[in-house]
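Structure, as structure tokens:
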Amino acid sequence: MYRDELTNYLANYLRVDEYKDDCPNGLQVEGTKEIRKIVTGVSASVELFEIAKEQKADTIIVHHGLIWYFERPLYKGGYRERIRLLFENNMNLFGFHLPLDAHEEIGNNAQLCRKLKVENMRPFGDIKGQYIGMKGEITKTDKRVFFDQIEQVVGRTPLVFDYGPDLIEKIGVISGGAQKYFNQAVSAGLDVYLTGEVSEHIMHYAKEENIHFVSAGHYATEKFGIIALGKILEEHFDVEVSFIDINNPV
């Protein structure tokens with residue numbers, strides 16, 4: 001497989017042109033033309049790049065890439081080391097942010113909903129005029145049982161503001177740092193809003209609006225999309241893909 005072939009496939013599959021994002025989605029750093037081994041991860045980091053080097057990967061695909069429009073980093077310290085590792089080892093770096101959250105099949109939110117057995121999934125969470133989350137329904141379930149299910153799916157104990165109904169049916173999910181969109185869950189009349197991070201004021205908002213808020217971890221809620229994307233690439237291109245799980249407590 002060649003770099004341009006992968007670039008075009010990912011752009012089409014993830015429909016990157018449909019999203020207004022805080023970063024360029026797609027190829028961020030150009031490396032070798034021929035691709036034999038791909039490593040995937042949630043976030044670009046020196047640690048991930050060093051593991052990719054050890055595994056003799058020539059291409060890295062992440063959810064949180066190296067380039068953000070709101071940052072103008074200096075080429076020193078850890079940022080310089082990331083660039084050095086990519087350049088010296090001729091590795092490609094691809095990053096996909098909102099497209100990997102919102103995709104209806106392999107996106108973070110769709111994957112989370114399926115693992116939690118959410119049915120009738122439909123777009124939810126209007127961000128800059130585009131929907132990146134999912135909402136739907138489950139068979140009415142005791143809240144404690146559902147919170148345990150979330151813990152089993154994400155692999156960590158979530159922070160729960162338990163102020164909603166005892167029986168849960170209506171669910172909304174936006175992975176990552178989407179606590180600021182909690183008001184949309186309230187407006188939609190949901191029983192539970194699941195995201196990654198939480199801010200101080202959220203507890204009172206959840207209590208006053210009688211809705212459950214679940215903070216299950218930014219990293220923990222955003223590893224499912226990149227894992228699913230790797231499986232798609234393995235099947236489509238018959239190329240070796242390895243997911244590198246560098247856990248982050250946030």
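Where a number appears in this text, it was derived from the coordinates with a stated rule and is not lab data. For clarity, every value in this text was computed on a predicted model and none was experimentally measured. No Cβ is skipped: glycine too gets one built from the backbone with ideal geometry, and neighbour counts run over all protein chains shown.
Taking the chain as a Gaussian network, where each spring joins two C-alpha atoms under 10 Å apart, which residue of Asn89, Asn109, Asn25 fluctuates the most? Among Asn89, Asn109, Asn25, the largest GNM mean-square fluctuation belongs to Asn89. Protection proxy ranking for 205-216, 174-185, 113-124, using the average of other Cβ atoms within 10 Å per residue and placing the highest first: 174-185, 205-216, 113-124. Think of the chain as a dipole: +1 on every Lys or Arg Cβ, -1 on every Asp or Glu Cβ, centred on the Cα centre; then among Leu66, Tyr163, Val250, Leu66 lies furthest on the positive end. A protection proxy built from the mean count of other Cβ atoms within 10 Å ranks the segments 67-75, 97-105, 2-10, 242-250, most packed first, as 97-105, 2-10, 242-250, 67-75.
Using all C-alpha to C-alpha distances in the stretch 102-221, build P(r) with 10 Å bins and read off the rounded percent in each one. Answer for the stretch 102-221: a P(r) of 15, 54, 30, 1 percent. Sorted largest first, the spans of the alpha carbon positions of the chain along the three principal axes are 55, 38, 32 Å. Scanning residues 5 or more positions from Phe243 or on other chains, those with amide H under 5 Å from its amide H are Thr40, with H placed 1.01 Å from N in the peptide plane. Normalised by residue count, the stretch 48-129 yields a Cα convex hull volume of 127 Å³ per residue. For the stretch 37-97 versus the stretch 161-184, the spacing of their alpha-carbon centroids is 33 Å. Using θ = phi - 60° in the Karplus curve 6.51 cos²θ - 1.76 cosθ + 1.60, the 3J(HN,Hα) couplings for the stretch 77-93 round to x, x, 5, 4, 5, 4, 5, 4, 4, 5, 5, 5, 9, 6, 9, 7, 10 Hz; x is entered for Gly and Pro. Report, to the nearest 10°, how far helix 3-13 tilts away from the longest principal axis of the Cα atoms in the chain, using its own Cα long axis and a range of 0 to 90°. Computed tilt is about 20 degrees.
Both numbers refer to the Cα atoms of the stretch 171-220; Rg and Dmax are 9.6, 28 Å. If you take the square roots of the eigenvalues of the alpha-carbon gyration tensor of the stretch 3-96 and sort them as a ≥ b ≥ c, do you get rounded (a/c under 1.5), prolate (a/b over b/c) or oblate? Oblate is the answer for the stretch 3-96, as a/c is 1.5 or above yet b/c matches or exceeds a/b. Projecting the Cα atoms of Gly41, Gly77, Leu10 onto the charge dipole of the stretch 3-96, computed from C-beta unit charges around the Cα centre, puts Gly77 farthest toward the positive end.
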